[in-house]
1. Is there a quick way to get the dipole size of the range 74-223? I mean about its Cα centre, with the Cβ of Lys and Arg at +1 and of Asp and Glu at -1; what is the value in debye to the nearest 20?
2. Could you work out the relative contact order of the range 91-183? I mean the mean sequence separation of Cα pairs under 8 Å and 6+ apart, divided by the number of residues, in percent.
3. Out of residues 5 or more away from residue 129 or on other chains, whose amide H comes under 5 Å of its own, with H placed 1.01 Å from N in the peptide plane?
4. Counting only residues 5 or more places away or on other chains, whose amide H sits under 5 Å from the amide H of residue 220 once H atoms are built in the peptide plane?
5. Using only C-alpha positions, report the orientation-averaged shadow area of the convex hull of the range 74-223, nm², one decimal.
6. Using a Förster distance of 45 Å, how high is the FRET efficiency between residue 214 and residue 121, based on the Cβ-Cβ distance and rounded to 0.05?
7. Report the GluC sites (Glu not before Pro) located in the range 106-212 that are in a DSSP loop and have at most 16 other Cβ atoms inside 10 Å of their Cβ, or state none.
8. Between residue 149 and residue 43, what is the label-to-label distance in nm when each label sits 7 Å out along the Cα-to-Cβ direction?
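None of the figures in this text is laboratory data; all of them are computed from the coordinates on show. Here the structure is a predicted model, which is why all the values come from computation and not from measurement. Every residue, glycine as well, gets a Cβ built from its backbone with ideal geometry; the counts of neighbours run over all protein chains shown.
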Amino acid sequence: MSQQYPGSQQPDPQQQPMYQPQQPMYQPPAPKKKSGALKWVLISLGVVLLLGIGACAIIISAINSTVKQTTTGSISTGTTANSTSSTSANTPAKIGKLGDTITVDSVSCTFVTVKTLAADEFNKPKAGNQFIVVHVKIHNGNSQQASYNPFDFHVKSGSGNVTDEELAPPSSYTANNTLNSGQLDPGGTVEGDIVFQVPVGDHNAELTWQPSIFGNSTQNAWKLGL
């Protein structure tokens with residue numbers, strides 16, 4: 001049995017404590033929104049973006065103008081079918097003919113000859129086509145090296161079909177003088193043959209040449225005269 005002393009009271013477990021912690025009187029202010037600064041940042045970025053787009057448009061226009069000037073050649077008319085000498089001033093390249101020289105960025109190419117080739121047992125042209133071999137001569141009049149490649153040449157039919165060289169010439173081609181790829185030093189010259197297929201009787205067929213990867217493949221051309 002527990003003892004109780006006079007004047008002492010047992011704590012009432014149901015009674016709430018007299019002291020309650022108080023809420024702090026000071027509340028820190030909520031941070032201000034930075035919407036104003038963000039707005040000006042976005043406006044500045046928009047202005048920079050518009051200026052960048054405008055500058056890119058100007059640069060692209062200048063590049064296109066330069067490419068058009070350097071990939072479109074000039075034609076010099078030869079005195080004979082196999083001559084490369086000029087008898088007239090250079091004019092903007094349209095369509096040359098056999099013996100003419102086209103010059104692009106100081107690199108000139110002369111269309112020297114064209115001949116038909118007979119098919120053989122293993123190499124036959126497509127139906128309605130025939131084999132031809134063209135002979136071209138390239139001269140580098142530039143102050144830097146210039147590359148050359150048979151893939152710079154194509155044949156364009158009268159209907160506008162542009163085709164590559166024939167990789168497997170018929171056995172009737174015996175000259176063994178095909179044009180390969182390489183580099184020409186300043187003043188250097190190379191010549192060779194390229195075999196193609198063209199439609200039989202196509203009097204509007206053309207041999208095209210474009211030494212620049214930026215130009216249209218049919219921008220410079222000669223009439224084949226078949």
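1. Working: 8 positive and 13 negative charges, 78 e Å.
Dipole of the range 74-223, to the nearest 20 debye: 380 debye.
2. 26
3. Amide H neighbours of residue 129: 200.
4. So residue 220 has HN proximity to 209.
5. 8.9
6. Numbers: r = 42 Å, r/R0 = 0.93.
That pair, residue 214 with residue 121, gives E of 0.60.
7. For GluC sites (Glu not before Pro) across the range 106-212 that sit outside H, G, I, E and B with at most 16 neighbouring Cβ atoms in 10 Å, the list reads 121.
8. Inter-label distance under the simple model: 5.2 nm.
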